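Below: the structure, in structure tokens.
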Amino acid sequence: MLNHCVLFRDHCIRGALCQSRLWPLRSNYADINECEQRSHNCGFGFDCVNTEGLFRCNPKPQCPVGFTHDAQGSCIDLDECAAVAQPCSPAFNCINTAGSFTCQRKIICSRGYHASPDGSRCVDVDECQSSLHRCGEGQLCLNLPGSYRCECQTGYQYDSFRRMCVDVNECWRYPSRLCAQTCENTPGSYECSCTSGFRLSGDGKSCEDVNECLSSPCSQECANIYGSYQCYCRQGYHLREDGHSCEDIDECSQSVGHLCTYKCVNVPGSYQCACPEYGYTMSPNGRSCRDIDECATGANNCSLAETCYNIQGGYRCLALSCPPNYRKVSDTRCERISCPNYLDCQNSPLRITYYYLSFQSNIIIPAQIFRIGPSPAYSGDNVIVSITQGNEENYFSTRKLNAYTGAVYLHRQVEGPRDFLLNVEMKLWRQGTFTTFQAKIYVFITANPL
Ligand SMILES: [Ca+2]
Ligand SMILES: [Ca+2]
Ligand SMILES: [Ca+2]
Ligand SMILES: [Ca+2]
């Protein structure tokens with residue numbers, strides 16, 4: 001501590017009262033406040049204290065260690081670190097504190113770290129937060145201790161040549177492992193899809209069969225199959241080329257004449273056989289037609305005098321009447337009553353016999369349909385057979401089979417139905433005379449069997 005009284009050696013003694021001047025102690029003088037008038041001579045480090053007629057210089061209080069006086073003499077912190085002579089060694093940082101200072105070891109942080117605010121340690125630099133990173137757009141910045149990494153988003157990978165993240169083609173990278181059927185690459189991901197007839201399962205990977213039949217795509221029957229479906233038709237229909245609709249099979253046009261003997265009527269899904277409107281009825285087999293025997297059933301309009309004759313597809317009412325000079329000897333025969341002269345007896349028939357023949361028009365020709373001869377026949381008999389009436393269109397012919405037998409033939413095909421009445425005359429030469437016999441032959445050519 002300096003000796004504050006050095007400069008005022010004449011007036012002060014150390015630690016004693018000081019006065020600027022020795023004033024006579026006279027009571028009739030007003031006191032002068034030398035401290036206010038700043039006419040005192042207290043030195044730096046002393047406080048002026050006014051007294052009656054005098055003033056006193058009291059020494060100022062001392063500042064604690066680490067403090068110093070400012071210009072007004074107040075104690076303020078001493079910045080030891082600002083001193084020219086650094087109080088800390090070069091390996092330490094000087095840190096000023098109130099009334100003192102500390103020396104802290106200087107830390108050197110490696111790249112990617114920086115010192116903590118108090119300088120006590122190195123802490124990682126978060127490059128991602130401080131925009132110190134150099135990750136590209138679309139890249140993810142990942143802070144690491146002392147460093148950072150640029151990562152690509154899921155589904156992308158870094159192309160170091162192009163210096164950017166590019167989409168990973170998962171479909172190429174993992175062929176046939178990601179999707180059961182079709183893999184389609186997308187930016188950042190991929191999508192599985194399924195081929196026609198399948199739908200993607202809930203796992204997004206496998207494909208399951210679509211039951212197309214639920215939406216009724218077929219006009220008749222539908223069968224679901226794996227990956228597809230198949231339409232089919234009920235019996236009597238066939239599938240059209242569109243694969244969906246069913247079309248009635250025209251059984252009648254596909255198998256001509258085989259299904260029905262008379263007429264085939266196509267109906268949806270089937271066919272029916274039909275018979276002519278009159279004269280026939282359907283057989284139990286449903287295919288062929290059966291003649292109605294109108295004579296037996298009574299469904300005819302023949303009179304009592306007529307004979308009902310049933311034929312295929314109809315009937316005939318036949319009236320057998322004998323010509324004059326003949327008498328009816330049975331249902332089918334007339335006999336001559338008399339012949340007055342020789343010529344009459346030779347040329348007029350001794351007997352007229354009626355025959356009824358019924359043939360279908362598909363009869364195989366030539367067909368022998370009738371034989372005539374004497375019964376009994378005798379050695380030396382000879383006959384001449386001819387058709388005298390009813391063969392104007394030349395469908396029929398006669399032939400002599402032997403001396404006593406003649407035959408009638410049908411030698412042209414007849415379009416049925418058609419009725420003929422043939423008069424066939426047989427002249428029998430026996431024992432030197434001719435005798436004439438007449439056969440009246442009804443030939444009913446009916447339609448083909450139905
Ligand atoms: Ca992708
Ligand atoms: Ca299916
Ligand atoms: Ca049909
Ligand atoms: Ca009939």
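The values are calculated or read from the model by the stated rules, or taken from the named source; none is laboratory data. Being a predicted model, the structure only gives us computed values, none of them experimental. Neighbour counts run over all protein chains shown; Cβ positions are idealised from the backbone, glycine included. Note: areas computed on protein heavy atoms with side chains; ligands, DNA, RNA excluded. Shrake-Rupley method; radii C 1.70, N 1.55, O 1.52, S 1.80 Å.
Can you check what the net charge comes to around ALA180, using other residues whose Cβ is under 14 Å from the Cβ of ALA180 (Lys, Arg +1; Asp, Glu -1)? If you can, show how the numbers build up before the last one.
Values: positive: ARG177, ARG199, LYS205; negative: GLU184, GLU191, ASP203, GLU208, ASP209.
After counting each charged neighbour, the total is -2.
What is the spread of the Cα atoms of segment 394-450 along each of their three principal axes, largest first, in whole Å?
51, 19, 19
Given a Förster radius of 51 Å and the C-beta distance between SER176 and LEU132 as r, what FRET efficiency does 1/(1 + (r/R0)^6) yield to the nearest 0.05?
On the way: r = 45 Å, r/R0 = 0.87.
The value I calculate is 0.70.
Run the quick spin-label model on SER189 and SER288: label points 7 Å from Cα toward the beta carbon, then report their separation in nm to one decimal.
If labels sit at SER189 and SER288, their model points lie 7.7 nm apart.
For ASN93 and PHE44, FRET efficiency with R0 = 45 Å and r from the beta-carbon atoms, rounded to 0.05?
Details: r = 35 Å, r/R0 = 0.77.
With R0 = 45 Å, the Cβ-Cβ based efficiency is 0.85.
Label-point separation (nm) for ASP248 and ILE337, each offset 7 Å from Cα along Cα-to-Cβ?
Taking the simple label geometry, ASP248 and ILE337 are separated by 6.7 nm.
What list of ³J(HN,Hα) couplings, whole Hz, do you get for segment 232-243 from phi and the Karplus terms 6.51, -1.76, 1.60, once you set θ to phi - 60° and write x for glycine and proline?
Karplus values, whole Hz, x for Gly and Pro: 9, 10, 6, 4, x, 10, 10, 6, 6, 5, 5, x.
Once the mean 1/r over all distinct Cα pairs of the chain is inverted, what Kirkwood radius in angstroms do you read off?
Details: mean 1/r = 0.0253 Å⁻¹.
Hydrodynamic radius (Kirkwood, Cα pairs) of the chain is 39.6 Å.
Under a point spin-label approximation (7 Å from Cα along Cα-to-Cβ), what is the ASN58-LEU259 distance to one decimal in nm?
14.6 nm
Would you pull out the residues with amide H under 5 Å of LYS263's amide H, same chain only if 5 or more places away, H placed 1.01 Å from N?
Those qualifying (amide H under 5 Å, at least 5 residues apart or on another chain) are ALA274.
Could you calculate the contour length gain from SER100 to ILE384, that is, 0.36 nm times the residue separation minus the distance between their Cα atoms, to one decimal place in nm? Working shown, then result.
Working: separation 284, 0.36 × 284 = 102.24 nm, distance 17.76 nm.
Full extension from SER100 to ILE384 adds 84.5 nm.
With a cut-off of 8 Å between alpha carbons and a minimum separation of six or more residues, what is the relative contact order of the chain in percent? Walk me through the numbers on the way to the answer.
Numbers: 835 pairs, mean separation 26.0, N = 450.
Computed value for the chain: 6 percent relative contact order.
Taking the Cα of ARG162, stepping 7 Å toward and past its beta carbon, and measuring to each backbone N in segment 169-208: which are under 17 Å?
In segment 169-208, the label zone of ARG162 (backbone N under 17 Å from the point 7 Å along Cα→Cβ) covers 169-173, 185-190.
Can you tell me how segment 310-424 classifies by the Cα gyration tensor, rounded, prolate or oblate, using a/c under 1.5 as the rounded cut?
Details: a/c = 2.17, a/b = 1.33, b/c = 1.63.
In terms of gyration-tensor shape, oblate.
Between ALA296 and ALA82, 0.36 nm times their residue separation minus their Cα-Cα distance comes to what?
Working: separation 214, 0.36 × 214 = 77.04 nm, distance 15.47 nm.
That pair, ALA296 and ALA82, stretches by 61.6 nm at full extension.
How much accessible area per residue does segment 326-446 have, counting only protein heavy atoms and a probe of 1.4 Å, in square angstrom? Numbers along the way, then the final one.
On the way: 6550 Å² over 121 residues.
That works out to 54 Å² per residue.
Can you give the local net charge around ASN143? Use residues other than it whose beta-carbon is closer than 10 angstrom to its beta-carbon, Lys and Arg +1, Asp and Glu -1. Walk me through the numbers before you get to the answer.
Details: positive: ARG149; negative: ASP124, ASP126, GLU127.
Here the count lands on -2.
Whole percent per 10 Å bin, from 0 to the bin with the longest distance: what is P(r) over all C-alpha pairs of segment 147-263?
12, 22, 18, 16, 11, 9, 6, 3, 2, 0, 0
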